[in-house]
Amino acid sequence: MNFTKIPKAFREEYKNKFLMTDNEEIKRLESEDPVIFGYFHLGKTVRLHQAYIIHKIITSPNKRIAICWARQLGKTINLGIFLIWCS
């Protein structure tokens with residue numbers, strides 16, 4: 001069975017999202033990125049695997065993503081943050 005590996009570049013980008021202090025940059029990026037929106041506005045930190053799924057949903061050309069997650073890995077919180085961001 002093949003598992004999706006999270007690229008190293010995405011891991012570095014993910015770490016840098018939480019280090020921002022410039023309010024203008026946060027305001028600009030929150031409309032583009034639900035991870036930044038969730039962290040700075042809802043007080044919820046999206047974990048790496050959750051952020052990768054959100055990234056794949058946003059960047060996928062056909063908008064169909066199959067997710068195989070075990071219980072208690074944050075599917076509901078992740079979807080909630082994403083839907084609030086979408087609205």
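Observations
- Conditions (1) farther than 19 Å from Asn78 by Cα; (2) open to solvent by less than 40 Å² (accessible area, probe 1.4 Å): number failed by Pro7: (2)
- If you go through segment 30-71 and keep only what is among the β-branched types (Val, Ile, Thr) and assigned to a loop (DSSP other than H, G, I, E, B), you end up with Thr45, Val46, Ile65, Ile67.
- Each residue in segment 1-29 was checked for being without any contact (Cβ under 8 Å) to a residue 40 or more places away in the chain and in a helix (DSSP H, G or I), and 16 pass.
The values are calculated or read from the model by the stated rules, or taken from the named source; none is laboratory data. Since this is a predicted model, take the numbers as computed values, not measurements. Counting neighbours? That spans all protein chains shown, and the Cβs are built from the backbone with ideal geometry, glycine included. Surface accessibility is based on the protein's heavy atoms, side chains included, excluding ligands, DNA and RNA. Shrake-Rupley method; radii C 1.70, N 1.55, O 1.52, S 1.80 Å.
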